[in-house]
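A short write-up of the structure that comes next.
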Amino acid sequence: MKLETAKSLLLIILIGTSLVLTFGMWNYQAEYRPLNDVESIDEVDLGGEEQEISDLVKPNDVVFKMNGEFSSYKEPEDSMQFFEDIRQWELTDIQRNDLEEDTESGAEVEIIFPTEVPLSLFDTILNVDSTLTNNTNFYVDRFSIELQEEEEVLHVQFVSADREEVVEGTIYSRTSYDELLSIFGELTEDEYEEKQLLTDAARDIYIPKEKKALTSYTYTFDSIEAVDIRNIMFSNPNVVSVSETAPGSIMYRTDNRQLNIAGYGMRFIDVAERNTEQVDNSVLQQSLNNINAHRGFTGDYRLEGFTEDSIAYRMYQFEYPVVNNSYMDLSTIYQEWQNDQLSKYNRSLVSLNTVVNTSEKELRSGEEIMNSIQQNENTADIQDVQIAYRLTIETDDNGDYVLLEPNWYQKVNNSWSVVSEPNTNTQQNLEGGS
């Protein structure tokens, strides 16, 4: 074969191969899912339950008061069942008055909440025959129901936080009256316990007198995937940069947003320029809508406190609050809002699963707790005293576990810490596990 002929054949083969490859490239479709797949992002959620205001605003104490003595249910589950019962009682004849000087009441029950809330929320929490939303700038942290024996009705009072005004109403149901009356006749029975009033605190706090023994629990748990959080917090994950800031710690960034995931918790911040127009929705409603949108209530969470632009929810287990004061707080959901835009979001990524171990722990008596608190100089700053479960992460050869261990806690400056032992001047701050 002549050299020129061989060259021509080789050129024809090369041209043909090039045409085949070019055609293949034109018709090839890569088998991958782009990060900014809008449909997949919309489907992401954290697997929790959607909540309503009545699910989040619940009391942490129910106290029966009669003849200067105080009692409560021994089991908090019974207190919550009683609260669910009175939610059905119809409240009528609502009116707002100036608060008169305290008068000696007969038998009444006081329903106490963890924080002050607008009176208007009780439109959705209780069974009222007319709206309470007209009572603007009226905040309460409790309400009382008093037996009025002559009329055989129940008198309800919401006293404002500044103790200047009161909103009153009446429950005319004879069945409701008889139900509460029967409870006052049973307060010496085993299902109730005596309480004592902590004086000189920031508000009235009632503490059981006797010792309690509660169970400590070890749980397996599920942890929310980092990629799911990323897809919720960034509308276009395709433009998000990612880095490992420390072992087990992931940082996602854009120009305005930053998401740090570490130790089974997350911290998110958005520093974008904000809308200056005021919005009608309260921070509670904005937050509720936002968290429900990604089913973020992954356990029993309840309102802990809020301001005009921030809100906190605390985890509860067996009707007791859960506390974890590590850097990534695994017991709370916290948000900050600027008008209608979320600027900060910190939360636990832990969802409790199966109990794998239990043990009993005897707690100090209420008398000891009272003595410990009254030895300190900050009694006037105490906002609450509760039995709560300390949440820590424990590790063994089989993996990580959540330990819930009960103890006495006090709340000062919106922060929970262990009540110190008697005759010590230092307050034991709670160490968180991670």
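Miscellaneous remarks
- All positions within the stretch 375-390 that are within 16 Å of L197 (Cα to Cα) and part of a strand (DSSP E or B): I382, Q383, D384, V385, Q386, I387
- Subset of the stretch 41-92 [within 16 Å of the chain's Cα centre (by Cα) and under 24 Å from G106 (Cβ atoms)]: P59
- Scanning the stretch 304-337 for residues that are outside any strand (DSSP E or B) and either of a type in the set (F, W, Y) or under 17 Å from S54 (Cα atoms) (or both), we see that the one that is farthest from the chain's Cα centre (by Cα) is Y327.
- Test: residue in the stretch 273-286 that is out of contact with any Phe, Trp or Tyr (no Cβ under 7 Å at 6 or more places or on another chain) and either at pLDDT 95 or above or open to solvent by less than 30 Å² (accessible area, probe 1.4 Å) (or both): no
- Of all residues in the stretch 69-98 being more than 18 Å from Y192 (Cβ to Cβ) and of a type in the set (K, R), the one that is most open to solvent (accessible area, probe 1.4 Å): R96
- Some residue of the stretch 100-117 being over 26 Å from M66 (Cα atoms) and crowded, with 19+ Cβ neighbours inside 10 Å: yes
- When the stretch 202-244 is limited to residues that are of a type in the set (D, E) and either part of a loop (DSSP other than H, G, I, E, B) or in contact (Cβ under 8 Å) with a residue 40 or more places away in the chain (or both), the one that is farthest from S331 (Cα to Cα) turns out to be E210.
- Residue count for the stretch 313-331, restricted to those that are open to solvent by less than 20 Å² (accessible area, probe 1.4 Å) and at pLDDT 95 or above: 10
- Candidates are the residues of the stretch 245-269 that are open to solvent by 80 Å² or more (accessible area, probe 1.4 Å) and without any contact (Cβ under 8 Å) to a residue 12 or more places away in the chain; the one that is nearest to D329 (Cα to Cα) is P247.
- The set of residues in the stretch 176-208 being surrounded by 15 or more Cβ atoms within 10 Å (Cβ to Cβ) and basic (K, R) consists of K195 alone.
- Screening the stretch 299-312 for residues that are hydroxyl-bearing (S, T, Y) and surrounded by fewer than 22 Cβ atoms within 10 Å (Cβ to Cβ) and picking the one that is farthest from D222 (Cα to Cα) gives T307.
- Residue in the stretch 130-142 that is in contact with a Ser or Thr (Cβ under 7 Å, 6 or more places away or on another chain), of a type in the set (G, A, S) and on the phi < 0 side of the Ramachandran plot present: no
- Residues in the stretch 373-410 that are surrounded by 21 or more Cβ atoms within 10 Å (Cβ to Cβ) and modelled with pLDDT under 95: I373 only.
- Residues satisfying the stated conditions in the stretch 150-175, i.e. open to solvent by less than 50 Å² (accessible area, probe 1.4 Å), under 21 Å from R96 (Cβ atoms) and not in a strand (DSSP E or B): S160
- Qualifying positions in the stretch 245-256 - of a type outside the set (S, T, N, Q) and outside any strand (DSSP E or B): P247, G248, D255
- Of all residues in the stretch 233-244 being open to solvent by less than 60 Å² (accessible area, probe 1.4 Å) and touching a helix residue (DSSP H, G or I) at 6+ places or on another chain (Cβ under 8 Å), the one that is modelled with the lowest pLDDT: P237
For (1) over 30 Å from K411 (Cα atoms); (2) modelled with pLDDT of 95 or more, each residue gets a yes or a no:
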{"position": "I94", "(1), (2)": "yes, no"}
{"position": "I111", "(1), (2)": "no, yes"}
{"position": "Y139", "(1), (2)": "no, no"}
{"position": "V153", "(1), (2)": "yes, yes"}
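- Subset of the stretch 129-149 (residues that are within 24 Å of I311 (Cβ to Cβ), assigned to a strand (DSSP E or B) and of a type in the set (V, I, T)): V140
- Candidates F122, F113: the one that is over 30 Å from L349 (Cβ atoms) and under 28 Å from the mean Cα position of the chain (by Cα) is F122.
- Within the stretch 338-370, restricting attention to residues that are outside any strand (DSSP E or B) and either modelled with pLDDT under 90 or touching a strand residue (DSSP E or B) at 6+ places or on another chain (Cβ under 7 Å) (or both), the residue that is surrounded by the most Cβ atoms within 10 Å (Cβ to Cβ) is I369.
- When the stretch 411-425 is filtered for residues that are open to solvent by less than 10 Å² (accessible area, probe 1.4 Å) and under 23 Å from the mean Cα position of the chain (by Cα), the ones remaining, listed by number, are S417, V419.
- Some residue of the stretch 93-105 being of a type in the set (G, A, S) and either under 30 Å from the mean Cα position of the chain (by Cα) or in a strand (DSSP E or B) (or both): no
The values are calculated or read from the model by the stated rules, or taken from the named source; none is laboratory data. Remember, predicted model here, so these are calculated numbers, not experimental data. All Cβ positions, even for glycine, are placed from backbone atoms using ideal geometry, and neighbour counts span all protein chains on display. These accessible areas exclude ligands, DNA and RNA; they are computed on the full protein's heavy atoms, side chains included. Shrake-Rupley method; radii C 1.70, N 1.55, O 1.52, S 1.80 Å.
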